[in-house]
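Below is one structure; the comments refer to it alone.
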Amino acid sequence: MVEFDHFKKQAGLPIFTLSVSDGVESTNAIGMYVKKGRYGGTFAHKDIAFEFASAISPVFKLYLIKEFQRLKEQENNVKKIEWNAKRFLTKNNYLI
């Protein structure tokens, strides 16, 4: 029996609650860390956090996609300028 089957059977019950720490411990999840006590919290890899936030808010997901596209476009514009400058310098060095 897979560990997920245990969760699946209990998921329909009104008293079922799955804490993050129980889920991480029972499934040996990688990329998530739960620190208990004072100054504790739940920490996850940035990809997991973005996916979780995207599932909660479609507006956030759209913002994330638009921001990624903007950054990639900005990166490409910088690389074009660098490439043209290197090409120009190489051409002048060849003539000398």
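The values are calculated or read from the model by the stated rules, or taken from the named source; none is laboratory data. Computed from a prediction, not measured in an experiment: that's the story for all the values here. Cβ sites come from the backbone with ideal geometry, for glycine too, and all protein chains shown count toward neighbours.
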Those residues of the range 14-35 which are among the charged types (D, E, K, R) and modelled with pLDDT under 85 amount to D22, E25
Counted residues in the range 44-53 being more than 8 Å from the chain's Cα centre (by Cα), in a helix (DSSP H, G or I) and either assigned by TED's automatic domain parsing to the domain that holds G31 or closer than 13 Å to M32 by Cα (or both) come to 1
Given (1) at pLDDT 85 or above; (2) surrounded by 10 or more Cβ atoms within 10 Å (Cβ to Cβ), where does Y39 come up short, assuming only one miss?
(2)
Show the residue pairs that are 6+ apart or on different chains and have beta-carbon atoms under 6 Å apart, the first residue being within the range 35-60 and in contact (Cβ under 8 Å) with a residue 12 or more places away in the chain, the second being in a helix (DSSP H, G or I).
T42/V20
